[in-house]
Amino acid sequence: MVKDVNKDNFEKEVLENKGLVVCDFNADWCGPCRMLRPIIDEVSDTRSDAKFVSINIDDEDEIDFVQLLKNLNIKDCKIDERRKEKTHYIKNR
């Protein structure tokens, strides 16, 4: 099951979660996002070792991380699973 996350529950559902969290950053106008959603739903139903969340980047502009994604034009991002301050970014070229 994929849980919709917003500015009110982002910290609790994503940042404070002790386990693996898979974040689907998406937008209603994004064709590839809409194509991936059924696959993400299916995978989430088969993986009990991870929490799956969906964040609409247009609706949730107030989440700092969403602003970071938009401003840096990031294609892929991984937050270190040990919750260190390290974050790896790959920018679109």
Query raised in the report: Do any residues in the stretch 36-62 that are closer than 24 Å to LYS7 by Cα and of a type in the set (Lys, Arg) have Cβ atoms under 7 Å from those of residues that are at pLDDT below 90 and assigned to a loop (DSSP other than H, G, I, E, B), where the two are at least six apart or on different chains, and which pairs are they?
Result: LYS51/ASN17; LYS51/GLY19
Query - Selection count where residues are open to solvent by 60 Å² or more (accessible area, probe 1.4 Å) and in a strand (DSSP E or B), scope the stretch 26-54 - result: 0
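The values are calculated or read from the model by the stated rules, or taken from the named source; none is laboratory data. Quantities reported herein were computed from a predicted structural model and do not represent experimental measurements. Backbone-built Cβ (ideal geometry, glycine too); neighbour counts: all protein chains shown. Note: areas computed on protein heavy atoms with side chains; ligands, DNA, RNA excluded. Shrake-Rupley method; radii C 1.70, N 1.55, O 1.52, S 1.80 Å.
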